[in-house]
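The structure under discussion appears below in the form of structure tokens.
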Amino acid sequence: MAGRTMTRRATMGPMGSVRRNTRITVAALAMTAFLAVPAAQAQQGALDGEWRSYNGDSGATKYAALNQIDRDNAARLQMAWRRPAVDASILDQVPDLRYGSSFRPTPIMIDGVLYAPNPIGFVEAFDAGSGETIWVEEPFEGGVDGYRGTGTRGVSYWTDGADARILVQRGEYLMALDPGTGERIGGFGDRGRVNLSDALEGGLVHTWSGTPFVVRDVVVVGHTTNDTFAAMEAPRGDTRAYDVRTGELRWVFHVVPQAGEFGVDTWEDGSWEYTGHGSVWSIFSADEELGHLYMPLSSPTSDMYGGHRPGDNLYAQSIVAVDAETGERIWHFQTVRHPLWDYDPPAAPVLMDITVDGRGIKAVAVVTKHAFVFVLDRETGEPVWPIEDRPVPQSDVPGERTAATQPFPSKPPPFDRQGSTEDNLIDFTPELREEALEIVSRYTTGPLFTPPTIRDDSPGGNLGTIQLPGSQGGANWHGAAFDPVTQRFYVPSETGPFVADVEPGDPDFTNLRYVKGTRLWMGGPRGLPLFKPPYGRITAYDMSVGEILWQVPNGQGPTDHPAISHLNLGPLGNPGRAAPLLTETLLFVGEGSDVMIVRGRIQAGQPLETAPSYGEPVFRAYDKASGEVVAEIDLPAGTTGAPMSYMHEGKQYIVVAVGGIDQAPEWVALSLP
């Protein structure tokens, strides 16, 4: 890795080669995994000491039934190995290769081998015990230009017991790779790859930062759309499923219903004909036994002004269950009607079998950016606990027609602070409180679902709506974790306000009457946050009753700030994207990383440490029952991906991606001495 000295660095093998001492037999891989995964256990966590899918299992529990690392020895965790995010064999060929440090993947582990995409999108296979390279995927076409690209969050694995393959999406291509060699499987698409852009209209190029999702015999892909909307006409971000063996397109789900389809009546004035976006930009989950795929769908065009799309706008910001083999809608639940707040369901819905009032329920839990947990029967979509429609504030932006009510779960309680209200403002001292009131006097404030307002930069003008939670949550793609044994649910979140402002669209460039404004992060007095702590927190729920068990800050936060250091406050939390890992014994959570901050949205004078996504390079082990910090492990940089855990040759490992503004991305593996 250029510019860094690596200690205990994993040695690198020649690209595309298989080391003799780590030879992989594909037939053995396929049979081992096939025999070990009963479909009914798809929401019971990672099994048999492996980690076979991005979130541990197809139900996105992020749970591994491992106990070698426990509260008595977690403080002894040390670096077992580390390896650079991009294999040395690639850098030898392209010494000037450029890639970012916001390295977000989580590897899968099967039969002693880890598989993950690197920051330029190629899959690398490496040894679970040493981090040594086994193989590196090669470009489809030779030459230096073949290495230019971006990474995604992960890969998927499929087997029928005789055949096995790794599925990865890079750029506009979905590829099937041989797990033993990294070579493309010729019978899949065109020489091992499918051009995902072929299914799009108007010459569009497919992009996505998620993870191909395998359920039964299909591989499902979402779509990433630009958050900058040029016009009210835009392409839809439809979900597509391909045959896992041949790569043939099996089905398409229209995220904006088309003529004659269910939900088209929620788009008034024919707005379904031209409105786009609304994709799954995050991660899917599935119930293999039921054959249901669960899709967290995002915002339509445009995400902060909807005057051109009157109506509730299905399936925007909904959880939709479809038949995995046909794509037919089974049920849906819309978490936000007529979306204006960028409150996408940002993470994979979490499957959980729970007992409520003596009744067993196959449930699915959806965490949202606006800090709710919607808990639904995953067979029918019916709420487990009542969800109330409540009146919400209405927009005064010309042409906008806000939904009159929005859904509020009666249980569980919200996991983060909601509403830019006076009661939520910082109050460490009376002076800080008064300064906070002075800051918000130039803005529109109010409860949850206060709509965006028009920005007026003239003296004394309104600068927009302060929205809490902001566009990054609440929860985000890092998701939540479920313990299938105790029925407890753990949700990391950040308290990150932002300015929800709109401004008139320039008719020379857009036909949108209003477009999004600055969307700046919102700081507080003297470089402190604007609202009360914790600024990053973890909430533990007992899902048998839908109540909070405990809630603790995650991170130290600005306790040493000169305005409050004399108060001797405890931890206040850092607002990072903290992804959880749950084991039989402990909850592991990092803090996120400074490299994940969107710097263009920081207000003048706002410290980096108070911006959403900021985190320190610390990895913690929490007692699952109490929230007590059992151990803190210093890392070379902040966590950028979600951690995972597995057993290999009698030892439990935890692996996580890290990186920072001044720190190159890499993999770090922790284990006991």
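The values are calculated or read from the model by the stated rules, or taken from the named source; none is laboratory data. Everything numeric here is computed off the predicted structure, so don't read it as measured data. A quick note on method: Cβ atoms are made from the backbone with ideal geometry, for glycine too, and the neighbour counts reach across all protein chains shown. These accessible areas exclude ligands, DNA and RNA; they are computed on the full protein's heavy atoms, side chains included. Shrake-Rupley method; radii C 1.70, N 1.55, O 1.52, S 1.80 Å.
Ordered from longest to shortest, the equivalent ellipsoid semi-axes for region 547-639 are 24, 17, 12 Å, each the square root of 5 times a Cα gyration tensor eigenvalue. Accessible surface ranking for 330, 538, 1.4 angstrom probe, highest first: 330, 538. Kindly list the residues of region 115-140 that lie in the label zone of residue 191, defined by a backbone N under 11 Å from the point 7 Å along the Cα-to-C-beta vector. So the set is 140.
Once the convex hull of all Cα atoms in region 446-577 is built, its volume per residue stands at 161 Å³. Close amide H contacts of residue 622 (hydrogens built in the peptide plane, cut-off under 5 Å, sequence separation of 5 or more or a different chain): 587, 588, 589, 630. For region 544-673, the solvent-accessible area with a 1.4 angstrom probe is 33 square angstrom per residue. The antiparallel fraction among DSSP beta bridges confined to the chain stands at about 95%.
Computed over protein heavy atoms with a 1.4 angstrom probe, the accessible surface ordering of 99, 653, largest first, is 99, 653. Other residues lying with their Cβ under 9 Å from the Cβ of residue 340 contribute a combined charge of -3, Lys and Arg counting +1, Asp and Glu -1. Take region 233-272 with all the other protein chains still there, run a 1.4 Å probe, and you get 44 Å² of accessible area per residue. Taking a ≥ b ≥ c as the square roots of the eigenvalues of the Cα gyration tensor, an a/c ratio of 1.5 or more together with a/b larger than b/c marks region 77-140 as prolate. With protein chains left intact and a 1.4 Å probe, residues in region 356-506 average 35 Å² of accessible area per residue.
I'd like the FRET efficiency for residue 325 and residue 532, computed as 1/(1 + (r/R0)^6) with the beta carbon distance as r and R0 of 35 Å, rounded to 0.05. In this case the efficiency is close to 0.15. Determine the shape class of region 399-520: with a ≥ b ≥ c the square roots of the Cα gyration tensor eigenvalues, call it rounded for a/c under 1.5, and otherwise prolate if a/b is greater than b/c, oblate otherwise. Oblate. Stretching the chain fully between residue 258 and residue 274 yields a gain of 4.7 nm (0.36 nm per residue, less the alpha carbon separation). A Förster distance of 60 Å, applied to the separation of the beta-carbon atoms of residue 566 and residue 183, puts the FRET efficiency at 0.40. Here, the chain is characterised by an Rg to Rh ratio of 0.95, where Rg is the alpha-carbon radius of gyration and Rh the Kirkwood radius. Note on region 274-428: Kirkwood radius taken over Cα pairs, Stokes-Einstein applied at 4 °C and 1.567 mPa s, translational D equal to 78 µm² s⁻¹. Shown in residue order for region 243-250 are the 3J(HN,Hα) couplings computed by the Karplus curve 6.51 cos²θ - 1.76 cosθ + 1.60 at θ = phi - 60°: 5, 5, 8, 9, x, 6, 5, 9 Hz (x for Gly and Pro). Can you pull a Stokes-Einstein diffusion coefficient for region 118-213 at 25 °C (0.890 mPa s), Rh from Kirkwood over Cα pairs, as a whole number of µm²/s? Using the Kirkwood radius from Cα pairs, D works out to 174 µm²/s.
Each residue of region 341-355 was assigned a 3J(HN,Hα) from its phi angle through the Karplus expression (A = 6.51, B = -1.76, C = 1.60, θ = phi - 60°), giving 10, 6, 8, 4, x, x, 10, 4, x, 9, 7, 8, 9, 10, 10 Hz with x at Gly and Pro.
The string of couplings for region 624-636 from the Karplus curve (6.51, -1.76, 1.60, θ = phi - 60°) is 5, 7, 10, x, 5, 6, 8, 7, 10, 10, 6, 10, x Hz, one whole number per residue in order, with x for Gly and Pro. Over the chain, Cα pairs under 8 Å with separation of 6+ residues give a relative contact order of 13 percent. Within the set of other residues whose C-beta is less than 11 Å from the C-beta of residue 557, count the net charge using Lys and Arg as +1 and Asp and Glu as -1. After counting each charged neighbour, the total is -3. Apolar share of the accessible surface for the chain: 48 percent from carbon plus sulfur atoms, 1.4 Å probe.
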